[in-house]
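The values are calculated or read from the model by the stated rules, or taken from the named source; none is laboratory data. Please read these numbers as outputs of a predicted model, since none were measured by experiment. Methodologically, a virtual Cβ is constructed for each residue, glycine included, from the backbone with ideal geometry; neighbour enumeration extends over all protein chains shown.
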Amino acid sequence: MGTRPAPKPMGTHRVNDLTLVDTDILIDAGLQVSQAVNCLAEIERQSVLAVSVITQMELLIGCRNKTEWRRAERFLHRFQVLTLNDPVCDTALELLRRYRLSHGLMIPDAFIAATAMTLNQPFISKNRRDYQFISELKLLPYPVPYPA
């Protein structure tokens with residue numbers, strides 16, 4: 001078996017306490033873009049950070065060498081990694097049927113959105129245009145507004 005970061009233990013958190021984060025925010029956070037770093041910190045104060053296994057794969061595929069791979073693996077330990085199951089796959093396929101031709105929905109985005117929708121959890125992405133047409137998706141604003 002390959003090396004895969006162990007999912008972050010759920011502890012006392014329920015699945016209701018998850019916020020799924022899109023790949024684009026993780027890439028920026030890995031590059032130390034302050035807006036993305038602050039966004040993750042703010043979300044983490046309120047819920048468990050989570051990503052789809054698709055996001056995990058997208059981060060790893062961008063690695064150019066073993067050092068970057070190990071860095072990405074360590075970074076991903078901060079997140080609950082959510083795998084695909086039949087309901088997520090069914091929802092992703094339905095999203096593609098509805099939005100591929102009209103909005104250009106891509107396969108990875110369909111799986112990521114379907115993961116959030118199936119769990120009925122909020123989702124945050126910097127690229128809101130990739131998801132804003134999916135009315136069933138609980139799309140959070142980016143950056144996350146700080147509490148007053």
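Annotations for the structure displayed:
- Every residue from the stretch 109-132 that is in a helix (DSSP H, G or I), farther than 19 Å from LEU49 by Cα and of a type outside the set (Lys, Arg): ALA110, ASP130
- Among the numbered conditions (1) surrounded by 15 or more Cβ atoms within 10 Å (Cβ to Cβ); (2) at pLDDT 95 or above; (3) closer than 25 Å to SER135 by Cα, the only one that ASP17 does not meet is (2).
- Which listed residue, of SER135, SER102, is in a loop (DSSP other than H, G, I, E, B) and over 17 Å from THR23 (Cβ atoms): SER135
- Single match in LEU49, LEU59, LEU40 (criterion: in a helix (DSSP H, G or I), crowded, with 17+ Cβ neighbours inside 10 Å, modelled with pLDDT of 95 or more and in contact with a strand residue (DSSP E or B) (Cβ under 8 Å, 6 or more places away or on another chain)): LEU40
- Taken over the stretch 113-127, the criterion of being exposed (fewer than 14 other Cβ atoms within 10 Å of the Cβ) and more than 15 Å from ALA92 (Cα to Cα) is satisfied by ASN127 alone.
- Residue check, LEU96 closer than 20 Å to ASN127 by Cα, assigned to a helix (DSSP H, G or I) and not polar (S, T, N, Q): yes
- Within the option set SER125, SER102, SER135, being hydroxyl-bearing (Ser, Thr, Tyr) and in contact with an Asp or Glu (Cβ under 6 Å, 6 or more places away or on another chain) holds for one residue only, SER125.
- Put simply, of ALA110, ALA36, ALA116 the only residue that is out of contact with any Asp or Glu (no Cβ under 8 Å at 6 or more places or on another chain) and under 18 Å from LEU26 (Cβ atoms) is ALA116.
- Some residue of the stretch 80-99 being surrounded by fewer than 17 Cβ atoms within 10 Å (Cβ to Cβ), of a type outside the set (Phe, Trp, Tyr) and within 12 Å of LEU20 (Cβ to Cβ): no
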